[in-house]
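The structure appears right after this line, and notes come after that.
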Amino acid sequence: MIGSRGAAWLLGVGLLAAGPAEAEWKAATPTVAAAAKSPEVAAALAAVEKLDAAVISNDHAAFAALLTPDLVVNNPQNSISDGGATARLNASGRISYVSYDRTLDYAGVRNGMVVLMGDELVVARPPNPAAGVPVRRRFTDLWRKDGGQWRLALRQATIVSAR
């Protein structure tokens, strides 16, 4: 089986026309793996998995439900978007991926919010202008319990490289 990094590379060079979409995260260090076992971080990571699954499967309602009403994103296009704009980007296909591979360099709780920081490799699908191109980004996400559910409250993502 081809892992998401391999699938991203194959898709990027045009060798993989169709295949299973996938999303995964992994801890970069034993410290992060241990932090991921704390109840708050584990619950937020479960929400991350739901958000990733929604992006991969184009489930726009599930995606929007995992965003706080006051979400703010410093997005990879070097602009700021709020929750409504972010949900619209997802619904329009601009936030839609074939694969989403995340490595956590930090996971912890700060003032009741879960902070996740690390590296991600994504491969977008059309109509995203970067469709088929593996894009590596650095990210910082803050997850907050809202209405009894962990939701994304703040996000920063910066493109490091595109192949």
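To put it simply, the accessible area of region 26-151 at a 1.4 Å probe is 58 percent carbon and sulfur.
Other residues lying with their Cβ under 11 Å from the Cβ of A27 contribute a combined charge of +2, Lys and Arg counting +1, Asp and Glu -1.
First measure r as the distance between the Cβ atoms of D70 and V109, then evaluate 1/(1 + (r/R0)^6) with R0 = 30 Å and state the FRET efficiency to the nearest 0.05. Using R0 = 30 Å, I get an efficiency of 0.95.
Summing +1 for each Lys or Arg and -1 for each Asp or Glu among the other residues whose beta-carbon sits under 13 angstrom from that of R151 gives +1. Distance between the modelled labels on D82 and A42, one decimal in nanometres: 3.7 nm (7 Å Cα→Cβ projection). Other residues lying with their Cβ under 14 Å from the Cβ of P127 contribute a combined charge of +3, Lys and Arg counting +1, Asp and Glu -1. At the residue level, R144 shows approximately 70 square angstrom of accessible surface with a 1.4 angstrom probe and all protein chains present. A straight chain from V160 to D59 at 0.36 nm per residue would run longer than the Cα-Cα distance by 33.6 nm. In this calculation the C-beta distance from A91 to T29 is compared with R0 = 22 Å, giving a FRET efficiency of 0.05.
K26 contributes an accessible area of around 80 Å² to the protein surface, as traced by a 1.4 Å probe with all chains present. Taking 25 °C and 0.890 mPa s as conditions, the chain diffuses translationally at an estimated 155 µm²/s according to Stokes-Einstein applied to its Kirkwood radius (Cα pairs).
Of N58, N78, N128, which is the most mobile in a GNM of the chain whose springs link Cα atoms less than 10 angstrom apart? Greatest mean-square fluctuation among the candidates belongs to N78.
The values are calculated or read from the model by the stated rules, or taken from the named source; none is laboratory data. Note that the structure is a prediction, hence the values are computed from the model and not measured. Backbone-built Cβ (ideal geometry, glycine too); neighbour counts: all protein chains shown. Only protein heavy atoms, including side chains, enter the accessible area calculation; ligands, DNA and RNA are left aside. Shrake-Rupley method; radii C 1.70, N 1.55, O 1.52, S 1.80 Å.
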